[in-house]
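Any read-out appearing in this document is the output of simple, stated calculations on the displayed coordinates, not a laboratory observation. All figures in this text were calculated on a predicted structure; none of them were measured in a lab. Here Cβ is always computed from backbone atoms with ideal geometry, including for glycine, and neighbour counts include all displayed protein chains.
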Amino acid sequence: MAKIGYRLKSTANKAVSIYVNFRSPNSVMLETKTGLSVIPTDWSKQKQRTKGRDPHLQQINNTLNNLSAFIDVQINISATNGTLIDKRWLLKIINSFFNKFEQKDPRYLLNFFDDFIKRIIKEHEAGIGVKKSTIKGHKSFFNSLSDYESEIETSIRFDQIDKVFIDDFYGWLLLERKYKSGNANRHLNRLKTLCKEAASSGVKVNPAYSFYKAKKDLDKKYLVIISESEFQKIKSFTPKSNRDVNAKKWMLIGLCIGQRVSDLLKLTKSNVRKSKDGNVYIDITQQKGEKSITVPIKDSEIIDIIDNDFPHKISFQKFNDYMKEICKDCGIDQETTGYLKNENNRLELKTGPKWMFISSHDFRRSFATNFFHKGVPVPVLMNITGHKRESTFFEYIGHKFTKDEQAEAFLKYL
């Protein structure tokens, strides 16, 4: 039988919350509010119950005794079934004991959200609806929202989503979860989507959600660009293993076609064709937006790889690992500042040799940056990279026009 205790956290001269606590089977101390309250002078710290013969105080003691027995039974059931016993579990048990709400009441975010995720998964399996990556994002948001509810010890209803809640949740994502502002904004956009879905289903939703606008990203961006000279270093590098030979081919193709890594690593020889004039083209249907584009290849070494020795499939993770090793061996070691994951899997600002910061995501940005500085028109580059807005493209490559550059650009039309 679990040792279930009760205590007060405040000595204020008013009714304060009674907390329940116990040590879970995996030796983690769990604690949350019971929903009951008492004036501290009516509480016995030693007995962990109210004192006195007042009928109201006796009723509280009876409720605490019954709650202890209920929790103990639920611990045994969950332990037998292999259910994780954590703070979220305890909060659900408390709610169940007091019948605070129906488990599937759609007015509550997590209840509606759970059904929403199940629905979009079924639609995806049927070949319709949102993409797998979108579902993954919603699952991540569900877990964050669930953890937040456990933290504030409250189950959130849609009609409670006001500006105060949105600001508090956003701050919690930044301070407690250590999210970058961009990731936190994506979660708030998912919250907005969820509110729209609930409202369209007839659930009463606080209209404040519709006025939400993404918070401005104040995080300084550290962009990693593989320069033309570094591209030449990779071309002239002689790999020592077959895996590096294969990874090098993907790197060179990636730096020449400017696509997301998800589109790059799906390419096969069937994507390659030659025009009537003998030009080599790669036809691509981009996963994001399902836009079909064609990228020409002019570099003779890349054409030789595509024609005669197309690289074989490789996983995203292995590709990232191998390309870092290649960049290190190539001497791409200029001192660079950027974000790297620490031992807790959180991004941390660090300074080190450039190869440490390079990832496959930088190929597309390097392509866009290098060809922009060669004078290729921005609309042509945007058509290849898949950017829809010019402002987004310039932010992506980290380019800001000076006043003189703006004036010189205008002079070309005079």
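Quick notes
- Mean separation of Cα contacts under 8 Å (6+ apart) over length of the chain, as relative contact order %: 10 percent
- Computed log₁₀ I(q)/I(0) - Debye formula, equal Cα scatterers, no solvent, the range 291-353, q 0.11 Å⁻¹: -0.48
- Charge dipole of the chain about the Cα centre (unit charges at C-beta), most positive-ward option of Gly338, Tyr170, Thr134: Tyr170
- Partner aspartates and glutamates for Lys400 [C-alpha distance under 13 Å; skip if fewer than 8 residues away on the same chain]: Glu390
- Restraint check, Lys136/Lys196; Lys92/Lys341; Lys274/Lys388; Lys240/Lys269, Cα-Cα greater than 31 Å: Lys92/Lys341
- Proxy reagent accessibility, fewest Cβ within 10 Å first, across Glu31, Glu230, Glu290, Glu390: Glu290, Glu390, Glu31, Glu230
- For Phe22, the shell of other residues with beta-carbons less than 9 Å away shows a net charge of 0, using +1 for Lys and Arg and -1 for Asp and Glu.
- Rounded Å value of the spacing that divides the Cα centres of the range 19-71 and the range 317-370: 54 Å
- Relative contact order of the range 109-211: 29 percent, from C-alpha pairs under 8 Å at least 6 residues apart in sequence.
- Exposure proxy shown here: for Thr80, Thr50, the number of other Cβ atoms within 10 Å sets the order, fewest to most, as Thr80, Thr50.
- For Arg49, distant residues with modelled amide H under 5 Å away: Ser44
- Relative contact order for the range 258-414, counting Cα pairs under 8 Å that sit 6 or more residues apart, in percent: 20 percent
- Summarising the label geometry, the points placed 7 Å from Cα in the beta-carbon direction at Asp114 and Val164 lie 2.8 nm from one another.
- Each of Leu414, Leu110, Leu90 has some number of other Cβ atoms within 10 Å of its Cβ, and from fewest to most they run Leu414, Leu110, Leu90.
- Karplus-based coupling profile of the range 358-371, in residue order and whole Hz: 6, 9, 5, 5, 7, 5, 5, 5, 5, 4, 4, 5, 5, 6, with θ = phi - 60° in 6.51 cos²θ - 1.76 cosθ + 1.60 and x standing for Gly or Pro.
- J(HN,Hα) series, the range 134-150, from Karplus relation 6.51 cos²θ - 1.76 cosθ + 1.60, nearest Hz, glycine and proline x: 5, 4, 4, x, 5, 5, 4, 5, 4, 5, 5, 5, 5, 5, 5, 4, 5
- Convex hull of alpha carbon positions in the chain: directionally averaged projected area 29.9 nm².
- Distant-in-sequence amide H partners of Thr32 (H built 1.01 Å from N, under 5 Å): Val20
- The calculated 222 nm mean residue ellipticity attributable to helices in the chain amounts to -15500 deg cm²/dmol, summing -39500 (n - 2.57) over DSSP H runs of n ≥ 4 and dividing by all residues.
- Along the chain, the exposed loop sites are chymotrypsin sites (Phe, Trp or Tyr not before Pro) outside DSSP states H, G, I, E and B with at most 16 other Cβ atoms within 10 Å, and the longest stretch free of them is 223-400.
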